[in-house]
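Novice: This is the structure I want to talk about, given as structure tokens.
The values are calculated or read from the model by the stated rules, or taken from the named source; none is laboratory data. Since the structure is predicted, the reported quantities are computational estimates derived from the model, not experimental observations. As a convention, Cβ positions derive from the backbone with ideal geometry for all residues, glycine included, and neighbour counts pool all protein chains shown.
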Amino acid sequence: MAAKGKRPTRNKSSAQIEGLEGFLKDMGVIPAEMKRAEQVFMTVAAATVVAQAKALAAGQGRQQQSAAGTLVQLGQGIVQYGGTPWAMGAEFGSILYGQFPEWRGNKEDAGYFFWPAVRDFRDEDMINLWVREVWSVVEGLFT
């Protein structure tokens, strides 16, 4: 049972680069600098997903374009989607309701624009963006 006030978590994944923290400490990187780099990364990551999702929706149809208008970047690394009764149908499709496109399920290939944008970011852009933001913090240590 989840602790009071906490939501149970599902399907969490993470990556850890062993030794990075010690390496950066040895190089003299101040934790506040890394925190700043992480904040910039999270802000740019959320903005990138929103922009990619809206671009994908534009190629899908009016329903998806309209639903993509509900995408909002709420903060560092946080994107909100939905808020209208039909938004999930526009994103995932439906088996029962003909006003929505074909059901795209809940597996790795789910979604028409938002989840494909999240997957594209995860698979293509995330590491490069993270390295670029961290490098902007530590590059002065190597000159």
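Novice: Any residue at all in segment 60-69 that is surrounded by fewer than 17 Cβ atoms within 10 Å (Cβ to Cβ), more than 20 Å from ASN128 (Cβ to Cβ) and either modelled with pLDDT under 80 or within 18 Å of the chain's Cα centre (by Cα) (or both)?
Specialist: Yes, segment 60-69 contains at least one residue that is surrounded by fewer than 17 Cβ atoms within 10 Å (Cβ to Cβ), more than 20 Å from ASN128 (Cβ to Cβ) and either modelled with pLDDT under 80 or within 18 Å of the chain's Cα centre (by Cα) (or both).
Novice: Being of a type in the set (A, V, I, L, M, F, W, C) and in contact (Cβ under 8 Å) with a residue 60 or more places away in the chain: is that true of VAL138 here?
Specialist: The answer is yes for VAL138.
Novice: Given TRP130, TRP86, which one is aromatic (Phe, Trp, Tyr) and free of Cβ contacts under 8 Å to residues at least 60 places away in the same chain?
Specialist: Residue meeting the stated conditions: TRP86.
Novice: Here's another thing I want to ask about it. Within segment 56-70, work out how many residues are without any contact (Cβ under 8 Å) to a residue 12 or more places away in the chain and of a type in the set (S, T, N, Q).
Specialist: 1
Novice: Would you please name the residue that is surrounded by the most Cβ atoms within 10 Å (Cβ to Cβ), looking only at residues in segment 106-143 that are under 25 Å from GLY77 (Cα atoms) and small (Gly, Ala, Ser)?
Specialist: ALA117
Novice: Considering only residues that are over 30 Å from VAL72 (Cα atoms) and either at pLDDT below 50 or β-branched (Val, Ile, Thr) (or both), which ones fall in segment 1-48?
Specialist: Matches in segment 1-48: MET1, ILE17, VAL29, ILE30.
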